[in-house]
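What follows is one structure encoded as structure tokens, with my remarks underneath.
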Amino acid sequence: MDVLDNYKKAWENQPEEVSKFSSIEIYKMAHSKSSSIVKWIFIIGILEFVVLNSLYFFIDMDEAIKEYEKLGLENFIFYSQIAAYVILFYFLWMFYQNYKKISTIDSTKTLMKKIIKTRKTVRNYVLFNLGYMALVMLVFTIATINVNFDEYNAKQILLITVATLIATLLILGILWLFYQLLYGILLRKLKRNYKELAKLDNLN
Amino acid sequence: MQKDLEIKFLSDFEKNQNIAHKICRLYTTSRDAHNDLFQEITIQLWKNYPKFRGDSKFSTWMYRVALNTAISLYRKSTKRVKTQDISDVAFKIKSNDYDDTEERQLKALYEAIRKLNDIDKALIFLYLEDKPYKEISETLGITSVNARVKMNRAKEKLKNILNP
């Protein structure tokens, strides 16, 4: 007889929970607000879309447009903004679709996969935004150098380039770290559990 | 319509709530956390209840939703440090003789399972609840073969904790 069989017998004979909940308590609980990971991912995801897009409100657009026109970048900004909004709505749609598909009736593995996919949609959006920001910075720097080429000497150009590069990397780095922290806390356990189930498939 | 569904849910769940309590006992270490997880399980069960067709037993369906909640949805509250005083009452075995072996075994078993990772906990729990491999593999979303492999390893780990 297996060692565990004895323990199993003890398990089967275990008494019922002493502090059981009444129907009324269960009713109240069923109608209370969920605080699950999925809900947090949804809330944080929506916040990220909102925050990233409301950054524009803090920029004096008239000033910015004048600056762009001076550098001859108005077309680049105009078209890239349209593209950015199309992409934003695509991501928002995907995010909502993924979120809707999450269901606790799925198997554990499918459920975890869907949660991770939902999060990845927002991650990709953040990556896209960081990339877009880097691109604008780059184009802006090149244009600035181009327009003022005659006024600057080689040393100044190098200085501007290096300074912009460092500033860009710093901003991107901080945003990335913040993002990792946000989801790291939320999803560490889930990812570990998912790996635990997924690594089995690789064995066979 | 909604009212009927609610009444049926409450009666189904109230009868089977012990399953959820056992899961809470395995996945949490304080009374507060136990109740937190129980509440989240209740929310998830009720949210999905309209989709429960009744072609399987309520309890079978409940195992899946409750385990999924414990493994994937529940966030361990960090503000609580107090560990659960494993109430001796909770482990009193209904037994005619005065032998407390089973009671001690049950206590040791809970303590040992709590040391396992979330997935192994689920496997051992389903084994102890006498679930067939088909159901275990469907609940976790892995093949039957993998479920067996994983179960054997989890049992080995558990034995090592119980009898080092």
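Please treat every number below as a calculation from the coordinates, not as lab data. If you're wondering where the values come from, they're calculated on a predicted model, not measured in any experiment. Please note: Cβ atoms are built from the backbone with ideal geometry, for glycine as well, and neighbour counts cover all protein chains shown.
Details
- In units of the compact-protein estimate 2.2 N^0.38 Å, the protein assembly as shown shows a Cα radius of gyration of 1.32.
- Once the chain from B:K76 to B:N163 is taken as fully extended at 0.36 nm per residue, the excess over their C-alpha distance is 28.4 nm.
- Taking Cα centre as origin and charging only the Cβ of basic (Lys, Arg, +1) and acidic (Asp, Glu, -1) residues, the dipole magnitude of the protein assembly as shown rounds to 860 debye.
- Taking other C-beta atoms within 10 angstrom as a stand-in for reagent exposure, A:V18, B:V149, A:V122 fall in the order A:V18, B:V149, A:V122, fewest first.
- Furthest towards positive pole of dipole, A:L177, A:N98, A:I145, structure part the stretch A:78-204, Cβ charges: A:N98
- Working note: Cα gyration tensor of the stretch B:99-164, eigenvalues times five, square-rooted, sorted largest first, giving semi-axes of 23, 13, 9 Å.
- In degrees, nearest ten, helix B:2-27 long axis to first principal axis of chain B (Cα): 20 degrees
- The stretch B:126-164 and the stretch B:1-57: distance between their alpha carbon centers, rounded to Å: 23 Å
- Degrees separating the helix A:61-71 axis from the principal Cα axis of chain A, which is the longest one: 50 degrees
- Extreme residue, positive dipole direction of the stretch B:99-164, given options B:L106, B:Y127, B:N146 (C-beta unit charges): B:N146
- Calculated [θ] (222 nm, deg cm²/dmol) that DSSP helices of n ≥ 4 give over the protein assembly as shown, each run adding -39,500 (n - 2.57): -25500 deg cm²/dmol
- Simple spin-label estimate for B:S30 and A:L127 in nanometres, 7 Å along Cα-Cβ: 3.8 nm
- Cα centroid separation - the stretch A:16-66 against the stretch A:167-193, whole Å: 18 Å
- Magnitude of the charge dipole for chain A, about its Cα centre and with charges confined to Cβ atoms of Lys, Arg (+1) and Asp, Glu (-1), is about 1020 debye.
- Estimated from the Cβ-Cβ distance and a Förster radius of 35 angstrom, the FRET efficiency linking B:N152 and A:K100 is about 0.40.
- Pairwise label distance in nanometres, A:L169 with A:F78, each label 7 Å out on the Cα-Cβ vector: 3.6 nm
- Positive-end residue of A:S80, B:A20, A:V3, charge dipole of the protein assembly as shown with Cβ unit charges: A:V3
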